[in-house]
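Have a look at the structure below before the remarks.
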Amino acid sequence: MLTRFRPTALVLISSAMLLTACGSGVPKDVEQAIQVSGQGEVTVVPDQFRVGAISSRTGDDITAMKSDVDEEINAALNLAKKLKLKDRQITATGFTVQPEWQWQPEKKLIGHRVQRDISFTVQGVEDYAELLEGLSQIGFTQISNSTAELSDPSAARTEALQKAVADAKEKAQVLAKASGRKLGAAVLINQQGGASPMPRMVMQAAAEDSSYKQAQYAPGEITITEQVNIRFHLK
């Protein structure tokens, strides 16, 4: 049995679809646009390095321990002067005294720990290597993991942003051509943020038959990443 649709029903359906499209509230320019994301990366060699060191002693004679710690810190400060570091590149804290406990078989005070921290910011891998070697020769046994960074990352970030925008535009052009349209101007650009992880320095042991007896250090590389989200007008 065939079902017949009345002409009035077709008119009502068509009218409802038209009203839905017109009443969607989507502006015309949005309907004629394409939105894409882009990413740009720049790989650079770091030129600035941060190093932290701790001088500490444990025992019963706090005065003697403080004297030893101060002597070590002063030697580190003299090393910094030798490297021509400025005051803003050095941070030396005051000393701290903490009790040392034995927990087993029962809680018992067995002495104290006297400690001072010092940190440095140096430019260039040569000064970095000389600083580490000098701290080791002074007697520092607690040297924190170093970080490598850019002293001025603005130029690298700008280049990464330019690459991200170019990447987004290339994607948009491909999509516009595939859909039979032409790409217009960018009408909205959002920066999605970036990242620049700090690599740890890598120490390379010198060859046994080499006349260069100090350790060698490789600064590694930093990859700066920027992301953008761009809406282009379609013609």
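Bear in mind that the values in this text are calculations on the coordinates, not laboratory data. Keep in mind it's a predicted model, so treat the numbers as computed, not measured. Cβ sites come from the backbone with ideal geometry, for glycine too, and all protein chains shown count toward neighbours.
Output the strands (runs of 3 or more DSSP E) that fall wholly within region 54-149 and possess 1 or more residues being surrounded by 15 or more Cβ atoms within 10 Å (Cβ to Cβ) and out of contact with any His (no Cβ under 7 Å at 6 or more places or on another chain), or say none.
On the way: elements: 90-92, 96-102, 108-123, 147-149.
It comes to 90-92, 108-123, 147-149.
Kindly check whether there is at least one residue in region 77-97 that is more than 27 Å from residue 128 (Cβ to Cβ) and out of contact with any strand residue (DSSP E or B) (no Cβ under 8 Å at 6 or more places or on another chain).
The answer is no; no qualifying residue exists.
Every residue in region 150-178 that is in contact with an Asp or Glu (Cβ under 8 Å, 6 or more places away or on another chain) and surrounded by 12 or more Cβ atoms within 10 Å (Cβ to Cβ), please.
150, 157, 160, 161, 163, 164
With respect to residue 157, determine if the residue is within 27 Å of the chain's Cα centre (by Cα) and either on the phi < 0 side of the Ramachandran plot or not in a strand (DSSP E or B) (or both). Even if it seems obvious, please write down each step before you answer.
Details: within 27 Å of the chain's Cα centre (by Cα): yes; either on the phi < 0 side of the Ramachandran plot or not in a strand (DSSP E or B) (or both): yes.
Yes, satisfied.
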